[in-house]
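Visitor: Can you keep this structure in mind? I'll have questions shortly.
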Amino acid sequence: MTAVTASRIVGARIAPTKDGPLGPLSAGWGAAVEVEVPLEPTPLEVQPSAYVRTAWADRKHGATPSVRAAAAVAGGVLHVRLRWKALNPRPAITDNNVFADACAVLFPLDGKGAELATMGDAAHPVQAWHWRAGTAIPFVIQATGLGTVTRQAPPHGVSVEATWNADEWSVVFSRPLEEQGVPIRGGATVPIGIAVWQGALEERAGLKSHTPGWLTLEVPA
């Protein structure tokens, strides 16, 4: 699959197979268009912690320059796959000073108007599906601004599967289209944001690479 640089992710419709969900390395992804999405470091000045702003003033974060993204619907389930290079992977949290690799996709809960960089606001909440290496169940979080993140207890309808292979992570988020939460329906056009954390560089919380503006996800009818 060849990636092209774009701000629009066009989902493919893929027939479900007896092999089950569309995993990170499934052959079905060959029918989807993968796009290269540029990422930028999150602005240090918007970090809610004064300690973080001071401690990281002379340090670099947001070291992942881009991520490859694709989407597909199979059997009424939306799958979003993210792939990025991780030459020095951190597959789990093993100590207090060890940080795992991670990624997330972000959606506005109201369908529009939310500020991506500030994790929405009181009038425009956002929801994120967050995977952290070493965990089998993704976190589904909601926010109404920086420092307001709350986790939704499972079952929340979102699943994840991740593989590290050939120096890169491949992570697939999956959720039935009719699941409650973010209004994602067949034929819809949905704003989506992406974030990636490199644990080897101690990236965590607001220190990450991200899309500074919303991308467009086209869900196949």
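The values are calculated or read from the model by the stated rules, or taken from the named source; none is laboratory data. Since the model is a prediction, treat every value here as computed from it, not as a measurement. In this analysis, Cβ positions are derived from the backbone assuming ideal geometry, glycine residues included, and neighbour counts consider all displayed protein chains. Ligands, DNA and RNA are stripped out before the accessible areas are found, and what is left, the full protein with its side chains, is counted by its heavy atoms. Shrake-Rupley method; radii C 1.70, N 1.55, O 1.52, S 1.80 Å.
Visitor: Taking H placed 1.01 Å from N in the peptide plane, check which residues at least 5 places from Asp101 or on another chain put their amide H under 5 Å from its amide H.
Guide: Placed amide hydrogens put Arg90, Ala92, Ala133, Gly199 under 5 Å from Asp101.
Visitor: Which residues' amide hydrogens lie under 5 Å from the amide hydrogen of His61, considering only partners 5 or more residues apart or on another chain, with H built in the peptide plane?
Guide: HN-HN under 5 Å from His61: empty list.
Visitor: Shifting gears a bit: In whole percent, and with a 1.4 Å probe on the protein chains, what portion of the accessible area of the range 108-176 is carbon and sulfur?
Guide: On the range 108-176, the fraction of accessible area on carbon and sulfur atoms equals 55 percent.
Visitor: Run the simple label-point estimate for Leu87 and Ser7 please: 7 Å along Cα→C-beta, distance reported in nm.
Guide: Result for the modelled spin labels: 3.0 nm.
Visitor: Right, something else. Pull out the extension gain between Lys112 and Lys60, defined as 0.36 nm times the separation in residues minus the alpha carbon to alpha carbon distance; nm, one decimal.
Guide: Additional length available on full extension: 15.6 nm.
Visitor: Who wins for biggest fluctuation among Ala114, Ala72, Ala123 in a Gaussian network model of the chain, springs between alpha carbons below 10 Å?
Guide: Greatest mean-square fluctuation among the candidates belongs to Ala123.
Visitor: Output wanted: per-residue J couplings in Hz (rounded whole) for the range 174-183, from phi through Karplus 6.51 cos²θ - 1.76 cosθ + 1.60, θ = phi - 60°, x for Gly and Pro.
Guide: The phi angles translate into 9, 7, x, 4, 8, 5, 5, x, 4, x Hz.
Visitor: At 7 Å along Cα-to-Cβ for each site, give me the label-to-label distance between Arg53 and Ala205 in nm.
Guide: Result for the modelled spin labels: 1.3 nm.
Visitor: To continue, here is another question. Over all Cα pairs of the range 90-221, how is the pair count split among 10 Å bins, expressed in % and running from 0 up to the last occupied bin?
Guide: 12, 42, 36, 9, 0
Visitor: Residue by residue, what Karplus-based ³J(HN,Hα) values in Hz, rounded to whole numbers, does the range 155-161 have, using 6.51, -1.76 and 1.60 with θ = phi - 60° and x for Gly and Pro?
Guide: For the range 155-161, the Karplus-derived couplings read x, 10, x, 9, 10, 8, 9 Hz, x marking Gly and Pro.
Visitor: Per residue, how much accessible area does the chain have with a 1.4 Å probe, in Å²?
Guide: 48
Visitor: Got a sec to turn the phi values of the range 117-133 into Karplus ³J(HN,Hα) couplings, 6.51 cos²θ - 1.76 cosθ + 1.60 with θ = phi - 60°, whole Hz, x for Gly and Pro?
Guide: 5, 9, 6, x, 8, 4, 8, 9, x, 10, 10, 10, 9, 10, 10, 10, 3
Visitor: Hey, what number do you get for the chain at 222 nm if only DSSP H runs of n ≥ 4 count, each worth -39500 (n - 2.57), divided across all residues, to the nearest 500?
Guide: Per the formula, -500 deg cm²/dmol.
Visitor: When only Cα pairs under 8 Å and 6 or more residues apart are kept, what is the percent relative contact order across the range 4-218?
Guide: 26
Visitor: Still on this structure, I have one more. What figure, in Å² to the nearest 10, do you get for the accessible area of Asp58 with a 1.4 Å probe and non-protein molecules left out?
Guide: 150
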